[in-house]
Amino acid sequence: MEKVLTFGQIDELAKKMANYVEENTVIALIGDLGTGKTTFTKTFAKEFGVKENLKSPTFNYVLEYLSGRLPLYHFDVYRLCSSEEIYEIGYEDYINNGGVALIEWANIISEDLPKEYIRIEFKYAEKEDERIVDISYVGNKEKEEKFNVTFGN
């Protein structure tokens, strides 16, 4: 479902999402530079209980935060030369390790995303302080229906 949201509403979405996710959830964040992926992630992490300051993992590909209610694995795959490189950093271990994975630039590894994940795409809107946000649950019709009820408003 696609919506036009203010930055304040995006923060509320991130908080709601932080309280919604469970073990082994993957959130695929997609969008151009400056559309709000990292800002969403920072708000999500704070609500999720992460005590550390969230840093961009651009040069590490993934950073682990263990102080939240579950482990949080923050990926930034922007600098990957090929999607196969994600496996060299233990990608499969992270996404099946009882935590939550937030993947910025997930479109780069779209063929390597798990069969079930939450997809959030950010696009520029007409107004500078708004973004078009397209959010969906991929790969499980039953969970998708529940997800749409929770996030459809």
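The values are calculated or read from the model by the stated rules, or taken from the named source; none is laboratory data. Here the structure is a predicted model, which means the values were calculated and not measured. Glycine also receives a Cβ, built like all others from the backbone with ideal geometry; neighbour counts cover every protein chain displayed. To get the accessible areas, we keep the full protein, side chains included, count just its heavy atoms, and leave off ligands, DNA and RNA. Shrake-Rupley method; radii C 1.70, N 1.55, O 1.52, S 1.80 Å.
Of the residues screened, E128 is one that is acidic (D, E), assigned to a loop (DSSP other than H, G, I, E, B) and free of Cβ contacts under 8 Å to residues at least 60 places away in the same chain.
Contact map, region 138-153: first residue within 20 Å of K115 (Cβ to Cβ), second residue open to solvent by 100 Å² or more (accessible area, probe 1.4 Å) and of a type outside the set (A, V, I, L, M, F, W, C), Cβ cut-off under 6 Å, separation 6 or more or different chains; pairs are G139/K115. Do the conditions hold for R131, that is, is it of a type in the set (D, E, K, R), touching a Lys or Arg at 6+ places or on another chain (Cβ under 9 Å) and crowded, with 19+ Cβ neighbours inside 10 Å? In short, yes. Which one is farthest from E111 (Cα to Cα) among residues in region 1-19 that are open to solvent by 50 Å² or more (accessible area, probe 1.4 Å) and among the aliphatic types (A, V, I, L, M)? This residue is V4. If the condition is being closer than 22 Å to D112 by Cβ, modelled with pLDDT under 95 and of a type in the set (A, V, I, L, M), then region 41-88 contributes V62, L63, V77, L80, I86.
Yes/no per residue for (1) surrounded by 20 or more Cβ atoms within 10 Å (Cβ to Cβ); (2) modelled with pLDDT of 95 or more; (3) not charged (D, E, K, R):
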position	(1), (2), (3)
V100	yes, yes, yes
E116	no, yes, no
E144	no, no, no
F147	no, no, yes
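Using the structure shown, decide if E22 is among the charged types (D, E, K, R), surrounded by 14 or more Cβ atoms within 10 Å (Cβ to Cβ) and over 12 Å from the mean Cα position of the chain (by Cα). Before the answer, list the steps.
Values: among the charged types (D, E, K, R): yes; surrounded by 14 or more Cβ atoms within 10 Å (Cβ to Cβ): no; over 12 Å from the mean Cα position of the chain (by Cα): yes.
Judged against the criteria, E22 is not a match.
Of all positions in region 94-101, at least one carries a residue that is in contact with a Ser or Thr (Cβ under 8 Å, 6 or more places away or on another chain) and in contact (Cβ under 8 Å) with a residue 60 or more places away in the chain. On inspection, I120 qualifies as surrounded by 19 or more Cβ atoms within 10 Å (Cβ to Cβ), within 21 Å of G8 (Cα to Cα) and either of a type in the set (D, E) or touching a helix residue (DSSP H, G or I) at 6+ places or on another chain (Cβ under 9 Å) (or both). Kindly evaluate S110 against the criterion of being assigned to a loop (DSSP other than H, G, I, E, B) and either without any contact (Cβ under 8 Å) to a residue 60 or more places away in the chain or open to solvent by 40 Å² or more (accessible area, probe 1.4 Å) (or both). Spelling it out, it is not the case that S110 is assigned to a loop (DSSP other than H, G, I, E, B) and either without any contact (Cβ under 8 Å) to a residue 60 or more places away in the chain or open to solvent by 40 Å² or more (accessible area, probe 1.4 Å) (or both).
Taking helices (runs of 4 or more DSSP H) that fall entirely within region 1-103, which contain at least 3 residues that are among the hydroxyl-bearing types (S, T, Y)? Break it down stepwise before answering.
Numbers: elements: 7-20, 37-48, 85-88, 91-95.
Per the criteria, 37-48.
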